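*Asks:* Once you've had a glance at the structure underneath, I'll fire off some questions.
The values are calculated or read from the model by the stated rules, or taken from the named source; none is laboratory data. All of these numbers come straight from a predicted model, not from anything done at the bench. Methodologically, a virtual Cβ is constructed for each residue, glycine included, from the backbone with ideal geometry; neighbour enumeration extends over all protein chains shown.
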Amino acid sequence: MSHIPVLMIVFNRPQPARQVLAALRAQRPPRLYIAADGPRAGRDGDLSNCAEVRRLSDEVDWPCEVRTLFQEANLGLGLGVRQAIDWFFAQEEVGAILEDDCVPHRDFLSYCEWALDKYRDDRRVWHVGGNNFAAAPELFAGASVGFVALAQVWGWATWRDRWAAYEYDAKRLSEITGDRWREWRISASAAKTKLAHLKKTIELRNTWDYQWQVTVLNHHGLAVVPSGNMISNVGDGGDATHTPGDERCRLPLMDGSFDRGRWEAAAPEPDTISAALQAHFIDQMHLAPRSAARLLRPGRHLRRLLRSVLSL
């Protein structure tokens, strides 16, 4: 049983949202916040799908305080998520955040609770990540966690005081950043790509996570990464906004259980970025130039399809 609160951010996808709720049921958080964006005007199916997703709040069947934030109008992927997280941390000092396609390992909340306790007063750490993009064990060199400068948001946790530094307005954030990017603890090519992301966000205003990543970079913050993958993103269907057919989706969760004592004993100090692990994140977050071989390599779903055809 977990002792930390959870924010679940949902919209119009009942099936993956139900998978996330089922995984939370096994972990029984004491407080569950459900934030739902409103249906889009003129979009077939949004009204019924949004209504079905919101009814999931009635399916919480363990001892749990459920609080809801149901928007009447559609705020979008940027403002809607930002308001949901602001609402959450207005009421909680710490917590875990799951979007409706991020299915957690059965011990995800136990891992988050441990990390939030351990690094609460360590201002070097800003972000507790759950997804490690199926990183090879050797990237951790026997440690239970590693540290990178990139805050990846497929299942994560943080503290109210860190989130208080978040700047949603991308234009304002760009002004705050100024020349700070030169001190970011990532490669020059990755920094260039991240600055391009920020510029794109100023123009389109359709996201929120780029701003969080830049906020963490500006404060020289670190993200904790678990040695076992704690999140599987199942949002690769045709209704996905950012990840349709994405080969990074549906990665396997780690085998075994989270052992607090063992992870504590094997946790390094957050004073060094793991270069190999960060290179893995830079590659998986598409912050490095794609090699010709990688660009031509078929994605995981296409490889699976080719194997099935060849076996006929």
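*Asks:* If you check G45 against the conditions, is it within 26 Å of Q211 (Cβ to Cβ) and either in contact (Cβ under 8 Å) with a residue 24 or more places away in the chain or surrounded by 15 or more Cβ atoms within 10 Å (Cβ to Cβ) (or both)? First the steps, then the outcome.
*Replies:* Numbers: within 26 Å of Q211 (Cβ to Cβ): no; either in contact (Cβ under 8 Å) with a residue 24 or more places away in the chain or surrounded by 15 or more Cβ atoms within 10 Å (Cβ to Cβ) (or both): yes.
In short, no.
*Asks:* If only one of W181, W212 is assigned to a helix (DSSP H, G or I), under 19 Å from the mean Cα position of the chain (by Cα) and under 28 Å from R124 (Cβ atoms), which one is it? Spell out how you get there, then give the answer.
*Replies:* Details: W181 fails: under 19 Å from the mean Cα position of the chain (by Cα).
Answer to the selection: W212.
*Asks:* Out of F108, F140, I need the residue that is of a type outside the set (D, E) and closer than 22 Å to A22 by Cα. Which one? Walk me through how you get there before you give the answer.
*Replies:* On the way: F140 fails: closer than 22 Å to A22 by Cα.
Answer to the selection: F108.
*Asks:* Could you list all residues from the range 46-67 that are in contact with a helix residue (DSSP H, G or I) (Cβ under 6 Å, 6 or more places away or on another chain) and either acidic (D, E) or not assigned by TED's automatic domain parsing to the domain that holds H3 (or both)?
*Replies:* Selection gives E52 alone.
*Asks:* Now a separate question. Name the residue, out of D100, D161, that is modelled with pLDDT of 95 or more and under 18 Å from V224 (Cα atoms). Walk me through how you get there before you give the answer.
*Replies:* On the way: D100 fails: under 18 Å from V224 (Cα atoms).
Being modelled with pLDDT of 95 or more and under 18 Å from V224 (Cα atoms) holds for just one of D100, D161, which is D161.
*Asks:* Ok, one more. Under the condition of being modelled with pLDDT of 95 or more and either under 14 Å from L7 (Cα atoms) or among the aliphatic types (A, V, I, L, M) (or both), which residue from the range 34-53 is farthest from the chain's Cα centre (by Cα)?
*Replies:* L47
*Asks:* Still on this structure: If I filter the range 121-131 for residues that are surrounded by 23 or more Cβ atoms within 10 Å (Cβ to Cβ), touching a Gly at 6+ places or on another chain (Cβ under 9 Å) and part of a loop (DSSP other than H, G, I, E, B), do I get at least one hit?
*Replies:* yes
*Asks:* Take the conditions in contact (Cβ under 8 Å) with a residue 12 or more places away in the chain and within 20 Å of S274 (Cβ to Cβ) and apply them to W62. Does it pass? Can you show your working first?
*Replies:* Details: in contact (Cβ under 8 Å) with a residue 12 or more places away in the chain: yes; within 20 Å of S274 (Cβ to Cβ): no.
Spelling it out, it is not the case that W62 is in contact (Cβ under 8 Å) with a residue 12 or more places away in the chain and within 20 Å of S274 (Cβ to Cβ).
*Asks:* Test R162 against the stated conditions and say whether it is touching a His at 6+ places or on another chain (Cβ under 9 Å) and either part of a helix (DSSP H, G or I) or over 30 Å from A266 (Cβ atoms) (or both). Before you say what the answer is, go through the steps one by one.
*Replies:* Details: touching a His at 6+ places or on another chain (Cβ under 9 Å): yes; either part of a helix (DSSP H, G or I) or over 30 Å from A266 (Cβ atoms) (or both): yes.
Here the answer is yes, as R162 does meet what is asked.
*Asks:* Let me confirm something: among L47, L21, which residue is within 22 Å of G130 (Cα to Cα) and assigned to a helix (DSSP H, G or I)?
*Replies:* Working: L47 fails: within 22 Å of G130 (Cα to Cα).
Step by step, each of L47, L21 is checked, and only L21 is within 22 Å of G130 (Cα to Cα) and assigned to a helix (DSSP H, G or I).
*Asks:* Would a scan of the range 111-120 turn up a residue that is in contact (Cβ under 8 Å) with a residue 12 or more places away in the chain, farther than 16 Å from P29 by Cα, in contact with a helix residue (DSSP H, G or I) (Cβ under 8 Å, 6 or more places away or on another chain) and surrounded by fewer than 22 Cβ atoms within 10 Å (Cβ to Cβ)?
*Replies:* There is at least one residue in the range 111-120 that is in contact (Cβ under 8 Å) with a residue 12 or more places away in the chain, farther than 16 Å from P29 by Cα, in contact with a helix residue (DSSP H, G or I) (Cβ under 8 Å, 6 or more places away or on another chain) and surrounded by fewer than 22 Cβ atoms within 10 Å (Cβ to Cβ).
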